[in-house]
Amino acid sequence: MGKRNKYNNNFQGNIISKLPVKECHYCLGCPARLYTPNEFIVYGKGNVCSPIMFVIYDSYRHKQDNIKLLKDVYQELFQKDIFEEHYVTTAVKCECQNEILMQSFINCRNLLCNEITSIMPNKIIVVGNIRINFGNKYKIYYIPNIYSLLYGEKNIAKFKERLLEAIYD
């Protein structure tokens, strides 16, 4: 394994830090490729030495909302920046619409698996409406989008509750 800086997502190791989209064979047949303005695959960011990794699964518009909600709720609960404490990534590595989200995830799955293997978390917390099977190697917790997308005190409270359960279990 290569050198890793705690706060640098472009570390050297098993993961390619800057993989051009046009050179990624997983992206070749992906319908999301038509929507993305990105020149490179977008990996996560945060503390690569954290035992907890967050994976956001949603369309581009909602993904940004969920990342912001996660960051804000984490800050409120722990008075810390989630990116300093944990690694946060997305299941789909480029912008895409809801209609092609699952197909895009199928194409990005190996990129996500490589990222997880490089980070080596003990626990993965998935925010989104998907069940991801990585075998028995990791503890996986799920926070459905219903608690994050339908904002309101009741839903935010449930999101906080599920987040605390996942972190402390």
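Laboratory data are not the source of any read-out in this text; all were calculated from the coordinates shown. Computed from a predicted model, the values in this text were never measured in an experiment. Heads up, the Cβs are rebuilt from the backbone with ideal geometry, glycines too, and the neighbour counts pull from every protein chain shown.
Under the rule a/c < 1.5 gives rounded, and otherwise a/b versus b/c splits prolate from oblate, where does region 102-148 land using the Cα gyration tensor? Because a/c hits 1.5 or more and a/b fails to exceed b/c, region 102-148 counts as oblate. FRET efficiency for the Asn155 to His25 pair, using the beta carbon distance and R₀ = 30 Å, is estimated at 0.15. Ranked by the mean number of other Cβ atoms within 10 Å per residue, highest first, peptides 154-163, 20-29, 108-117 order as 108-117, 154-163, 20-29.
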